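Some notes on the structure that comes next.
The values are calculated or read from the model by the stated rules, or taken from the named source; none is laboratory data. Computed from a prediction, not measured in an experiment: that's the story for all the values here. Cβ placement follows ideal geometry from the backbone for every residue including glycine, while neighbour counts extend to all protein chains displayed. Side chains are part of the model used for accessible areas, which takes the heavy atoms of the whole protein and leaves out ligands, DNA and RNA. Shrake-Rupley method; radii C 1.70, N 1.55, O 1.52, S 1.80 Å.
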Amino acid sequence: MLTISTGNNAVAAAVREAGTGVVAAYPITPQTEIVEQIANFVTKGSMKASYIPVESEHSAMAACIGASITGIRTFTATSSHGLLYMNEMVNWAAAARLPIVMANVNRALGPGWNVWAEHTDSLQARDTGWLQVYVATVQEAYDATLMAFRIAEDRRVYLPVMVNLDGFTLSHITQQLEDVKIGDFIPPLVLDHKIDPAHPGGYGCMTSSVDYVRIRSDIERSMRDSVEVIRETEAEFAKRFGRSYSWTDDYRCEDAEVLILSMGTLGKEAEVAIDILRSEGVKAGSMRVRWIRPFPNLDLGDRELVVIDRNYSFGFGGILAGSIRAKTGKTCYNVIAGLGGQEVTYHDIASFVRNRKIGTEEWFGVKI
Amino acid sequence: MKNIRVLTLMPTVPDTEYIHKCTSACAGCSSDLILRHVLKAAGPDTVLVVPACCTSVLQGVYPNTSFGIPVYNVAFASAAAVASGMAAAFEELGKNTNVIAYAGDGGTVDIGIQALSGALERGTNFLYICYDNEAYGNTGMQRSGSTPLGARTTTTPGGKPHQKKDLDRIIAAHHLPYMATSCSAYPQDIVRKVEKALSIKGPKFLHILAPCPPGWRYDTAKTIEVGKLAVRSGMWAMYEREYDTLTLSGQTKAAMMKPAPLEEYLKIQGRFSGLKPDTIAEIRQSMERNLRLLKKEAEGTC
């Protein structure tokens, strides 16, 4: 059915459609609408689930861990300081191999208090063992959330998935949304290691370094295997529901000589910038990176790269630019733009391309 | 014919063992003894949620375990919250499995108290047991909020200058269906209270004193004696609170009538060595205040 929705409500609708059994969450701007909507669904009976209104984000992820290990489909949502506060349990969830799905509504970190979009929150969790996807439209928020459950719960993966959407510029905007009847797209969850009194055993007990290394390497093996699972899931989704997704969302890249790489809603803004640049005769294209973990194999050829980072790793640089450099060996023009919800228009993005100085980093709006 | 359960002062302790021999507990460990009886009372359809504490160590090294029930080890602050999620999920799945969080005093009165308070407030259907050895035993005996006044620990080498946190009255403020205190020296009392707790739906709490030979510095053979002295002197009170109605356990009623000398309890433990008379007086004062308040509450006169 075609309707309209905010990004947050699209996520909540997908969580209901996926047949989630336990939701434990704590409110935080700009994520709150997701948990409010789920609480509404559960109260009104349109969603048969247990909704646990925990007293902190640390407990939100802890409760999801306790629920998930019983083999039930589990979800939470958070943002910014909430994600940082639950970080211990975020790490725990991945190493405990639990297919929890979490929506993170990307928001800046304090101080000073700032509720607007930025990716530094979720990128701090990039080494935790969670799969991470970044979306740019309301439809994509809905679709990616549905796919996240199928990917996480696949026996080849058994790792949690974080769906990231920009605070306000996606969480609170209204766009059209075509919802789906999920049918058997997400098979019933079979968790091989679910806790069961009939099979006593110790979970997460003291572990020798020999076994510890084996267990850690198994996370990486599953992360690598998830590449194929993501591919299959996105292909099956396209087949059933007609919408295609991939590692990157490419716009006019085929003959491009310069590429803008970005994440989240800035990637949609970049598409308008590409049209402007093309009308000026600049052969530019936009490649919006969707998956950060597992990090995609990017086919960048010999094109010049302008990488927009809505995040920063102090003492290092933009995290997307750094990752591209590490994975492809290619240098770029790295623009740090959009921190704390900083306004970045498509005209600004077009000017990044016009004024590019490959091999340098620039902070949009300030000189350092 | 109806089955009539015969209540006696000496309840039958089930024969089945869920703690196998050769755990890595210290000699004379009373928390091992407590857990042995908790699990006997709880039976096989039980999952234990254990945060960082001595119990994370004494269950053994992966892939082996010395416990005969599933144990879910979790991060320090998270036991009550993990148990919350697990209890909700079991309910959603139509299972009656007992969810028991089994945590030390550090994981309860300090780092875990927020999650515990939240879980109690939300009416979580689980049993939370705090086994209290009055310090961070697993990391080598540092002071916790539960360490009593005057006790020497590795972080209070001159004796703790602060009183023990009154955990039970914090818990009582949540007005839960059932809470009780006990002590490792009275395993039958533990069995009876665990059985009772698990027969009730909703949040239940047990606070069990767990004397610790290396931490409290006494001879390993005296674990039971030290526990009994704690109760007989009145330093540790045993009772049950059902909703807000308090019933003193027989051992504590007896201690109120004819207490063992406090000095005897203090003297047997190295952690209280060198206590100044003022400190002993202060310990006595707070102990007597606690017993007075409990007595009044039990008599319904407070």
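At a Förster distance of 30 Å, what's the computed FRET efficiency of A:His347 paired with A:Glu228, Cβ-Cβ distance as r, to 0.05? Each step should come with its number before you reach the end.
Values: r = 40 Å, r/R0 = 1.35.
Taking R0 as 30 Å, the efficiency between A:His347 and A:Glu228 is 0.15.
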Square roots of five times the Cα gyration tensor eigenvalues for segment A:248-363, Å: 19, 16, 13
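For A:Thr360 and A:Ser244, what does the FRET efficiency come to when R0 = 35 Å and r is the distance between their Cβ atoms, rounded to the nearest 0.05? Could the numbers behind the result be given before it?
Working: r = 35 Å, r/R0 = 1.01.
In this case the efficiency is close to 0.50.
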Fluctuation leader among A:Asn164, A:Asn91, A:Asn104 - chain A, Gaussian network, Cα springs under 10 angstrom: A:Asn91
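For B:Thr245, B:Thr65, give me the order by solvent-accessible area with a 1.4 Å probe, most accessible first, ignoring ligands, DNA and RNA. Walk me through the numbers before you get to the answer.
Working: B:Thr245 90, B:Thr65 45 Å².
Solvent-accessible surface, decreasing: B:Thr245, B:Thr65.
Which whole-number percent is the relative contact order of chain A (Cα, under 8 Å, 6+ apart)? Mind dumping the intermediate values first?
Values: 770 pairs, mean separation 59.8, N = 368.
It comes to 16 percent, rounded to a whole number.
If you take the accessible area of B alone plus A alone and subtract the pair, what total do you get in square angstrom, rounded to 100, with a 1.4 Å probe?
Values: alone 14170 and 15740 Å², together 26930 Å².
Answer for the B-A pair: about 3000 Å² buried.
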Centre separation in Å (Cα based) which lies between segment A:169-198 and segment B:215-281: 54 Å
Calculated from backbone phi, Karplus (6.51, -1.76, 1.60) coupling profile of segment B:122-134 in Hz, x at Gly/Pro: 7, x, 3, 7, 7, 10, 9, 10, 9, 9, 10, 9, 6
√(5λ) per eigenvalue of the Cα gyration tensor, the protein assembly as shown, largest first, Å: 55, 26, 22
Exposure of A:Arg288 as accessible area (Å², to 10), given a probe of 1.4 Å and all protein chains: 10 Å²
Rounded accessible area of A:Glu269 (nearest 10 Å², 1.4 Å probe): 60 Å²
Principal-axis tilt of helix A:209-241 within chain A, Cα atoms, nearest 10 degrees: 70 degrees
Per-residue HN-Hα couplings for segment B:208-222 [Karplus 6.51, -1.76, 1.60; θ = phi - 60°; Hz; x = Gly/Pro]: 10, 5, 10, x, 10, x, x, x, 8, 6, 9, 4, 4, 6, 9
Gain in span if fully extended, A:Ile215 to A:His199, counting 0.36 nm per residue against the direct Cα distance: 3.7 nm
Within-14-Å neighbourhood charge of A:Asn334 [Cβ basis; K, R +1; D, E -1]: +1
Calculated Rg and Dmax of segment B:101-143 using C-alpha coordinates, Å: 11.2, 35
Across B:Lys160/B:Lys222; A:Lys181/A:Lys268; B:Lys40/B:Lys196, pairs whose alpha-carbon gap is larger than 18 Å: B:Lys160/B:Lys222; A:Lys181/A:Lys268
Farthest positive-ward along chain B dipole, Cα basis, beta-carbon charges - from B:Val71, B:Cys212, B:Gly202: B:Cys212
For chain A, the spread of Cα positions along each principal axis, largest first, Å: 68, 51, 45
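Sort B:Leu206, B:Leu293 from largest to smallest accessible area, using a 1.4 Å probe on the heavy atoms of the protein chains. Walk me through the numbers on the way to the answer.
On the way: B:Leu206 0, B:Leu293 65 Å².
Putting B:Leu206, B:Leu293 in descending order of accessible area: B:Leu293, B:Leu206.
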Amide H contacts of B:Thr154 (H built 1.01 Å from N, under 5 Å, at least 5 apart or other chain): B:Gln142, B:Arg143
In order through segment A:131-136: 3J(HN,Hα) via Karplus (6.51 cos²θ - 1.76 cosθ + 1.60), integer Hz, x for Gly, Pro: 6, 9, 10, 10, 10, 10
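When ranked by the protection proxy of mean other Cβ atoms within 10 Å per residue, highest first, what sequence do the peptides A:143-150, B:44-51 form? Don't skip to the end; give the middle numbers.
Working: A:143-150: 27.0, B:44-51: 24.0.
In decreasing order of mean packing, A:143-150, B:44-51 become A:143-150, B:44-51.
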Spatially proximal aspartates and glutamates relative to B:Lys21 (Cα-Cα < 16 Å; intrachain offsets below 8 disregarded): B:Asp32
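State, as an integer percentage, the relative contact order of segment A:248-363 based on alpha-carbon contacts under 8 Å between residues 6 or more apart. Don't skip to the end; give the middle numbers.
On the way: 209 pairs, mean separation 32.3, N = 116.
This gives 28 percent for segment A:248-363.
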Relative contact order of chain B, defined on C-alpha pairs under 8 angstrom at six or more residues apart (%): 16 percent
A:Leu177 long-range amide H proximity, modeled H, under 5 Å: A:Thr3, A:Ile4, A:Ser5
Accessible area of A:Phe316 in the full protein assembly, 1.4 Å probe (Å², nearest 10): 120 Å²
Selection of trypsin sites (Lys or Arg not before Pro), segment B:8-51, meeting DSSP coil and at most 16 other Cβ within 10 Å: B:Lys21
Selected from B:Met86, A:Val133, A:Ala148, residue furthest toward positive end of dipole (the protein assembly as shown; charges at beta carbon): B:Met86
Amide H contacts of A:Thr207 (H built 1.01 Å from N, under 5 Å, at least 5 apart or other chain): B:Tyr62
Among A:Pro160, A:Pro187, A:Pro99: highest mean-square fluctuation, GNM of chain A, C-alpha pairs under 10 Å: A:Pro187
Pair A:Asn40, B:Ser199: separation of 7 Å Cα→Cβ label points (nm): 4.6 nm
Per principal axis, descending, Cα span of segment B:30-299 in whole Å: 58, 45, 30
Gaussian network model of chain B, Cα within-10 Å springs - most flexible of B:Val38, B:Val57, B:Val99: B:Val57
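Over 18 Å between Cα atoms, which of A:Lys194/B:Lys95; A:Lys330/A:Lys357; B:Lys228/B:Lys276 qualify? Don't jump to the answer; show the numbers that get you there.
Details: A:Lys194/B:Lys95 14 Å; A:Lys330/A:Lys357 14 Å; B:Lys228/B:Lys276 24 Å.
Flagged as over cut-off: B:Lys228/B:Lys276.
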